[in-house]
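To keep things clear, I will list the structure first and then write my remarks on it.
The values are calculated or read from the model by the stated rules, or taken from the named source; none is laboratory data. Being a predicted model, the structure only gives us computed values, none of them experimental. We place every Cβ from the backbone using ideal geometry, glycine too, and count neighbours over all the protein chains shown. Remember, those area values only see protein heavy atoms, side chains included, never the ligands or the DNA or RNA. Shrake-Rupley method; radii C 1.70, N 1.55, O 1.52, S 1.80 Å.
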Amino acid sequence: MKRIVAFVLVVLVGFGIMGAFTPGLLNATKLGLDLKGGVEILYEASPLTEGGVITTESLNRTAKSLEDRANKSGVAEPEVTTEGKKRIRLKIAISTGTTDQERDEAIQKIRDLMKRPAELQFRSSVGCTDGSYCNVELYGSDFKEGAAKVEMGDLNSYVVNIVVKDKKKLADVSSKLVGKNLAIYLDDVLQSAPVVQTALTNGTAVITGQDSRKEAQELADIINLGALPLKITEKYTQSVGATLGKQSLHDTLFAGGLASVLILLFMLILYRLPGIVASICLIVFVWILLGVFYLMNATLTLPGIAAFVLGIGIAVDSNIITAERIKDELRSGKTIASSLRAGAKNSFRTIIDAHITTLIAAGVLYFMGHGIVKSFAIVLIASIIVNILTNVFLPRYLLNLLIKSGRVNKPSYYSVKEDEINAL
């Protein structure tokens, strides 16, 4: 009786926890463009100057520049990723409350903003009547690519060392600005305003006044970003309307919900007690997988939901294999407890082998694929790992509690008829 009570308590407490946290998990789940609506743009980068090369570092910096611009434009949670050696994919969700015309205008504005290169300017206040930094003295293209570096200065301070292409130009600018500020702007946003201490004649300069290494590194990255000889060209643009996204989400959730109900009924009818335990474990599996998405801060897309449903299928398969092995052991004449031990042991190798091969396939998809293929692979990998915990070990624990209670020891509870059992 104690084990029956323990089984009931485990189930009730588990369902209570899930009921309490599920609304928060669902509300916190981020939806992708195909479910929420927005725009996806694929860019191809190329050197601005003839003979220039695209490095991994320059591509990552360009992607960071696009992300910063998207954030400044006020859009919600832009997603920017690099693909291959010269491609950048940008995903931006557009507010579902706008009209089609407003949506089109917002998308066009984003496209215009994204495709222009990062504009780094060094400005002075010479000739500015309002006291602002209106006079552009140097541009990002005047600096050598990747030459801005963080170094240690006096008294353990951090400085940024920069190198220009034209020594004379820097010498002329610095000579007339001794004792004055030379402000650094990126995309019209003030980043720093160091004071020119002396004329710089050797083509290098040191920017001081950074309070930490992190702050100095950020300034060096900004200067390197502005000197980046890359331009981007749109190769592919896809716009998903809010209405279409909502309909896709509705249809997908309906299909997934219907499939889940049919699966639970199938397990209950065909396997009885193991089917009841399997149904409980499947519900736990879905909830924990949602929790994993939340902890990963993942974005759920249509391919992700497809992988989610596939994961449920894999979880069901694990329970079916275990239940069938238990039935085979019962038919051979073993006791219920012996059948559980032998069935669990024999099914474990089959289940793990299948999971490992699926993990390998999902891993290949993740490392070799891009975009929606990668999204599918991530969800599939997570579902396999969670499945091992919730549909391999948890069912055995719950069935063990019930069997050891001594109250569910009839073969019919496990969908085995008396005339199917062979005498030892």
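Worth pointing out:
- About its Cα centre, the chain has a charge dipole of approximately 1560 debye under the convention of +1 per Lys or Arg Cβ and -1 per Asp or Glu Cβ, with nothing else charged.
- Surface exposure of the chain, expressed per residue as accessible area with a 1.4 Å probe, stands at 53 Å².
- Amide H contacts of Ser192 (H built 1.01 Å from N, under 5 Å, at least 5 apart or other chain): Ile184
- Figure note: Tyr185, Tyr158 ranked by solvent-accessible area, largest first, 1.4 Å probe, ligands and nucleic acids not counted: Tyr158, Tyr185.
- Taking the convex hull of the alpha carbon positions in region 288-377 and averaging its projected area over all directions gives 6.7 nm².
- Of the residues Gly84, Ser157, Asn27, the one whose Cα sits farthest toward the positive end of the charge dipole of the chain, with +1 on the Cβ of Lys and Arg and -1 on the Cβ of Asp and Glu, is Asn27.
- Given Lys64/Lys214; Lys30/Lys231; Lys334/Lys417; Lys36/Lys109; Lys334/Lys410, the pairs whose alpha carbons are separated by over 21 Å: Lys30/Lys231
- Extension gain (nm, one decimal) between Ile385 and Met368, 0.36 nm per residue minus Cα-Cα: 4.1 nm
- Ordered by 1.4 Å accessible area with all protein chains kept, Ile360, Ile388 run largest first as Ile360, Ile388.
- Helices assigned as whole DSSP H runs in the chain whose Cα atoms extend at least 18 Å along their own long axis and whose mean Kyte-Doolittle hydropathy is 0.5 or higher are found at 2-28, 242-271, 273-296, 302-331, 336-368, 372-388.
- Solvent-accessible surface of protein heavy atoms, probed at 1.4 angstrom with all chains present, puts Ser375, Ser141, Ser347, Ser332 in the order Ser141, Ser332, Ser375, Ser347, largest first.
- Lys/Arg +1, Asp/Glu -1 at C-beta; the chain dipole; positive extreme among Val316, Thr335, Ile184: Thr335
- Sites Glu57 and Val13 - FRET efficiency at Förster radius 51 Å, r taken between beta-carbons, to 0.05: 0.50
- Share of carbon and sulfur in the accessible heavy-atom surface of the chain [1.4 Å probe, %]: 59 percent
- Hypothetical label at Val136: residues of region 164-190 whose amide nitrogen lies under 15 Å (7 Å Cα-Cβ projection): 183-190
- Of the options (i) 30.9, 105; (ii) 20.9, 70; (iii) 22.7, 85, only one is Rg and Dmax of the Cα atoms in Å as computed from these coordinates, and that is (i).
- Inter-probe distance in nm under a simple model that places probes 7 Å from Cα toward Cβ, at Arg213 and Arg341: 5.8 nm
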